Each structure stands twice: as structure tokens, then as C-alpha cells.
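Accompanying notes for the structure given below.
Values in this text are rule-based calculations from the coordinates and carry no lab data. Because the structure is a prediction, the values reported are computed rather than measured. When we count neighbours, we look across all protein chains shown, and the Cβ atoms used for this are built from the backbone with ideal geometry, even at glycine.
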Amino acid sequence: MDPLSTLWETFFDWDSMREALPEMLTVGLPNTLILAVSAALLGSVLGMLLAVAGISRTRWLRWPARVYTDVFRGLPAAATILLIGVGLAPLGMEVWGPNPYPLGILALSLIAAAYIGEIFRSGIQSVEAAQVEAARALGFSWGEAMRVVIIPQGVRRVLPAWVNQLIALIKDSSLVYFLGLLASQRELFRIGQDYAANTGNQSALLLAGLFYLALTVPLTHAVNWIDRRLRHGRPAGAPGDEDDDLTLAGAVEGSPR
């Protein structure tokens, strides 16, 4: 048989894709989004706590944050998911039953927090020290200055890197299948893998990859657009400039002389 024909039949069997598509849309895609969004929210909160602890003046906060970051950035994601998912499984069975999602989300969140924490820390430390001094001169405490002035600017500066980490989190959600999933709990990768194993054809797995691309590619372009806007601002003549000019003119006319 022609190798090219064999390759085409192995990866581009439309019947196999059509058979797997409904389950990927109704089961795989929602489960993937549940894992990714839940882990992104929890990981971002933990990451911010790690970032603040990592720049703290108290070494009892700074050292544990650094150790945590080194450990979870150094371990493979699959190993972390297995260690948490298997090691805490007896506790999970008592609390929420056999559902592996909570432990999977916890593992993904702990991994993401290590990376997001470093992203936030670099953004916070990139803000000029003079701004802290100015905020203190206005009567802010150190904590208030960080919360109101420094952290918002730092997060804005690293927003593209943060979204890139969320993209990586969507892909890492496929590793939760290591914990064993029921038919209704399978995410995109697991459904594609099951169809590929049952049919001996890889087209369903390729379809799962296309779903991941459909999720991550738009986010990638959104990150690039956000990055351009943060670096260069709104282009001259963009919609809304006229409103800004009218508002500014009104403020000038209404100002006391």
C-alpha cells in the first residue's frame, strides 16, 4: 500500500472523527474547560500569595515560597499529578468520593502557582521603587502601597506571560487521565485516546489535538494583541479618541481660572 495513503487513512479518517466528535463536544470539551479554568483561578490566587511572600522582608515567608517554587517547578507535571492524586486518594474518597477531579485540579493548581508566582513576582519587582516611596509619602502603609499601587501595575506588565501560562495549563489538563476517569469524566485527550485504542486509528486523537489548537491559538493571538496594546497604547485615530478629546475639552472649559 502507498505509504502516503496509509498515513492519510491513519490520521485523516473522517468517519472516525465524525464518530468521536459528539462525545468530544458534550463530554471532553466541558471537562477540559472545568479542569483548566478551576486550576487557573486557584493557581493564580496561590501564585499571587507566593509572589508577595517571595518578596517579603520576613525570611520565614520568603524562604518557604522559594522552596515551594523550586520544588514544583522542578518536578515533572505528570509526577506531581500522580503523587497528589494517588497519595491523597484515601482522603479524597472520604471527603468527595471517587471523583478524581478535585485532586486533579489541586495538582494542576499547585503546579501553576509555582510558575504564576514567579511571573507575578517579576512583574511586581519591575515597578520602580520610587513609586513605593511616593505612596508611603502620601500616607500609605507598605501593605496598602503594595495592594493599591504596586501589585496592579506589576500584574499589568506581566499579563501576556500570565495568559501564556494559562495556555500551558489547558494542555497540562490532559495529564489528569493518569488518575483514572469515568466515562462521563473524560477530557479531550482521554476520549481521543480511547477511540484510537478501540479503532486502531489515530484520527480521533488528531481531532482532540485540533480542539486543543482551537482553544490555545486564539488565546495566543489575544496575548500578542494585549502585549502590543500595553507596549504601544491605542493607535492614533482609533475609535474612542474623539470621545476622549471631547471629555478633555469639557474638563478644560469647566476648570476654574
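Among the trypsin sites (Lys or Arg not before Pro) in the range 44-92, those located in a DSSP loop and surrounded by at most 14 other Cβ atoms within 10 Å of their own Cβ are Arg57. Checking (i) 11.7; (ii) 19.1; (iii) 21.7 against the coordinates, the calculated mean projected area of the Cα convex hull in nm² falls under label (iii).
Among the GluC sites (Glu not before Pro) within the range 114-168, those in coil by DSSP and having at most 15 neighbouring Cβ atoms inside 10 Å are Glu128. Across the options Leu166, Val148, Ala183, the greatest Cα extent toward the positive end of the charge dipole of the range 144-200 (unit charges at beta carbon of Lys, Arg, Asp, Glu) belongs to Val148. Per-residue ellipticity at 222 nm, computed for the chain from helices alone with -39500 (n - 2.57) per DSSP H run of at least four residues, works out to -24500 deg cm²/dmol.
Sequentially through the range 103-113, phi angles give Karplus couplings (6.51, -1.76, 1.60; θ = phi - 60°) of 5, x, 5, 4, 4, 4, 5, 5, 5, 4, 4 Hz, Gly and Pro residues having no value and appearing as x.
For the chain, the longest principal axis of the C-alpha atoms and the axis of helix 59-74 are separated by about 30°.
Angle of helix 14-23 to the longest C-alpha principal axis of the chain, folded into 0 to 90 degrees and rounded to 10: 60°. Seen from Ile105, the other residues with C-beta closer than 15 Å to its C-beta sum to a net charge of -2, counting Lys and Arg as +1 and Asp and Glu as -1. Here the relative contact order of the range 66-157, from alpha carbon pairs under 8 Å that lie six or more residues apart, stands at 28 percent. Computed from Cα atoms, the angle from the helix 159-172 axis to the main principal axis of the chain rounds to 20 degrees.
Near Gln185: Cβ cut-off under 15 Å, other residues only, Lys/Arg at +1 and Asp/Glu at -1. The net charge is -1.
When the chain is treated as a GNM with alpha-carbon contacts under 10 Å, the residue of Gly92, Gly200, Gly104 showing the greatest mean-square fluctuation is Gly200. Based on Cα contacts under 8 Å between residues 6+ apart, the chain shows a relative contact order of 28 percent.
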